[in-house]
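K.L.:
Below are the structure tokens for one structure; questions will follow.
The numbers here are math on the coordinates, done by the rules we state, and not lab data. Note that the structure is a prediction, hence the values are computed from the model and not measured. Here the Cβ positions follow ideal geometry from the backbone for every residue, glycine too, while neighbour counts run over all protein chains shown.
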Amino acid sequence: MEITIRRVRPDEMGLLCELDVKIFGDEDAFNTPDLWEGLEAFFVVVNGLIVGSTALRHNTDVAESYEADYAELHGSLYIVSTGIVPEWQGQGIGSKVKEWQVDYAQAHRFARIVTNARTSNTRSIKLNQKLGFQIIQSIPGWYGDESTVVLERKL
């Protein structure tokens, strides 16, 4: 299986929004191009097929709530989103994307990486922990009726 990660081109924003809805559903998806503003967006490509995406934000920490502005923090890479379409999950692709994210952070000389996940998303939480991320806090109500778990990896 050949896995590559490539930057999303401006003319592919519609495709990115559609993919995000397929991955996360209408409620959690970044389903309009303006939601991607200020983020570095990448497609996850397996054997030539786009099967997922990831979005990063430099010098940023997790905000205090879902509606709050991004929190600026020099030296911190915030992994805003990582997703694989359901039919491609469970094949080790997410692990490869996480490894790429860590490599990216190291190559760009970040001191830490931070990300978050729904409390119920135990697969994502365990994957992050497997790669050295530690739970540092929980933010109640991030997803309306559900908290988010914030994870950090120091580099």
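K.L.:
Step through the residues of segment 104-112 one at a time and calculate ³J(HN,Hα) from phi using the Karplus curve (6.51 cos²θ - 1.76 cosθ + 1.60, θ = phi - 60°), rounding each to whole Hz and writing x for Gly and Pro.
P.N.:
Result, rounded to whole Hz: 4, 4, 5, 5, 9, 6, 7, 8, 7.
K.L.:
To continue, here is another question. Gln129 to Asn59: extension gain in nm, 0.36 nm per residue of separation minus the Cα-Cα distance? Write out the running numbers ahead of the final one.
P.N.:
Numbers: separation 70, 0.36 × 70 = 25.20 nm, distance 2.17 nm.
Once the chain is fully extended between Gln129 and Asn59, it gains 23.0 nm.
K.L.:
Report the charge-dipole magnitude of segment 1-144 in Debye, nearest 20, computed about the Cα centre from +1 at each Lys and Arg Cβ and -1 at each Asp and Glu Cβ. Can you show the working numbers first?
P.N.:
Numbers: 13 positive and 19 negative charges, 158 e Å.
Roughly 760 debye, rounded to the nearest 20.
K.L.:
Through the Karplus equation 6.51 cos²θ - 1.76 cosθ + 1.60, θ set to phi - 60°, convert the phi angles of segment 15-25 into ³J(HN,Hα) values in whole Hz; use x for Gly and Pro.
P.N.:
Computed from phi, the couplings for segment 15-25 are 4, 4, 4, 4, 4, 4, 5, 5, 6, 9, x Hz.
K.L.:
Sort out for me the Cα centre separation of segment 3-67 from segment 114-130, rounded to whole Å.
P.N.:
17 Å
K.L.:
Once Lys and Arg get +1 and Asp and Glu get -1 on their Cβ, which of Gln101, Gly132, Gly48 lies farthest toward the positive end of the dipole of the chain?
P.N.:
The one lying farthest along the dipole's positive direction is Gly132.
K.L.:
For a quick check: sort Met13, Met1 by the number of other beta carbons within 10 angstrom, fewest at the front. Could you put the intermediate results ahead of the total?
P.N.:
Working: Met13 18, Met1 9.
Ascending Cβ contact count within 10 Å gives the list Met1, Met13.
K.L.:
Cα atoms only, segment 116-155: Rg and Dmax in Å?
P.N.:
Answer for segment 116-155, Rg first and Dmax second: 10.0, 33 Å.
K.L.:
Moving to a separate point now. Which whole-number percent gives the relative contact order of the chain, counting Cα pairs below 8 Å spaced six or more residues apart?
P.N.:
Details: 277 pairs, mean separation 27.0, N = 155.
Contact order relative to length: 17 percent.
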